[in-house]
1. Return the distance in nm (one decimal) between the two label points of a simple spin-label model at residue 34 and residue 302, each offset 7 Å from Cα along Cα→Cβ.
2. With springs only between Cα atoms under 10 Å apart, run a GNM on the chain and tell me which of 232, 221, 329 wobbles the most.
3. Would you work out the relative contact order for the chain, in percent, from Cα pairs under 8 angstrom that are 6 or more residues apart?
4. Consider all pairwise Cα distances in the chain and report the whole-number % of them above 25 Å.
5. Calculate, for residue 295 and residue 55, the FRET efficiency according to 1/(1 + (r/R0)^6) with r their C-beta to C-beta distance and R0 41 Å; round to the nearest 0.05.
6. Treating the angle as unsigned and between 0 and 90°, give the value, to the nearest 10°, between the Cα long axis of helix 57-74 and the longest Cα principal axis of the chain.
7. Please identify which residues in the stretch 87-113 have an amide N closer than 11 Å to a label point set 7 Å out from the Cα of residue 67, following the Cα→Cβ vector.
8. Quick one: order 83, 321 by neighbouring beta-carbon count within 10 Å, fewest to most.
């Protein structure tokens, strides 16, 4: 059995860069199988503003991956029992992969890791394309091509299945909740854990409408005694970003879109308190100590009504920071075990 990782393009400041380095090693260690990475080569480092990747470059990258996959079939390098793991399930080349495998009579397994799509109204696809038939049918087709559709949270599974409930998809057999393969974070962030803290509140999210940066900017004006930093307003290296995490007391979110949330886990690993709304994936992931009522930031108007409560909670976390450390350590352990370990993913891949 060979495990072929069809990877997502790496952006230096995103976790995708770390996956490029660590995931193949972790997969080999966990499965004792041969692991081959199918990469699309270099990719533009400048993402489309507010987006996770470059909308043009990502299609160039995927096309190069498809070319390699086609050549592997032509050269007889794909065998029965091989597993193809797409680290971003929203990759139309899975349709051509299934086409080649079935017409050439090669019995392979395919898994895909879902991050977002048109079914999420706050995602780029959901906002700009919405429920147009071509995109919904494409997503349903890609889902069907995968033997295993991996999701990091129950919230994400429910959101996906609610949209495609009438499409006849085999949810019970094909939708699988697993942790994302990010075991490396504990080791790589350890050096930032014991840094001296200052009264710093961090906004580590993309600058996009669904992240509600205007709320953060207003809080900055209202609490001049504290430092508020929007990471994407600075050109930070990964090390510079982690230094800020290590110095911060709070990682703040008013997000309207989140199917997992990596930055607040990174923050918890270096003792930065997550302040997150009780909605989206946060509801199942965060302890009650670190969740505030969703209505406080459901939109900007709602925020203005509850602004004083938001401010009071920030002040409470900052001024009594040490009191929250025992709970914060429990939170980090919960996230590590249930949401940021690839153990279940590796077992599914190994089992085919």
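Derivation of every value follows stated rules applied to the coordinates shown; laboratory data play no part. Just so we're clear, the structure is a prediction, and the values are computed from it rather than from any experiment. Ideal geometry is used to build each Cβ from the backbone, glycine not excepted, and the neighbour counts take in all protein chains shown.
1. With each label placed 7 Å out from Cα toward Cβ, I get 5.3 nm.
2. Maximum among the listed residues: 221.
3. Details: 573 pairs, mean separation 54.4, N = 352.
Here the relative contact order equals 15 percent.
4. On the way: 33747 of 61776 pairs.
Distances greater than 25 Å cover 55 percent of the Cα pairs.
5. Details: r = 34 Å, r/R0 = 0.82.
Given R0 = 41 Å and the Cβ-Cβ separation, E is 0.75.
6. That works out to roughly 30 degrees.
7. No residue passes the distance filter.
8. Working: 83 24, 321 17.
Ascending number of Cβ neighbours within 10 Å: 321, 83.
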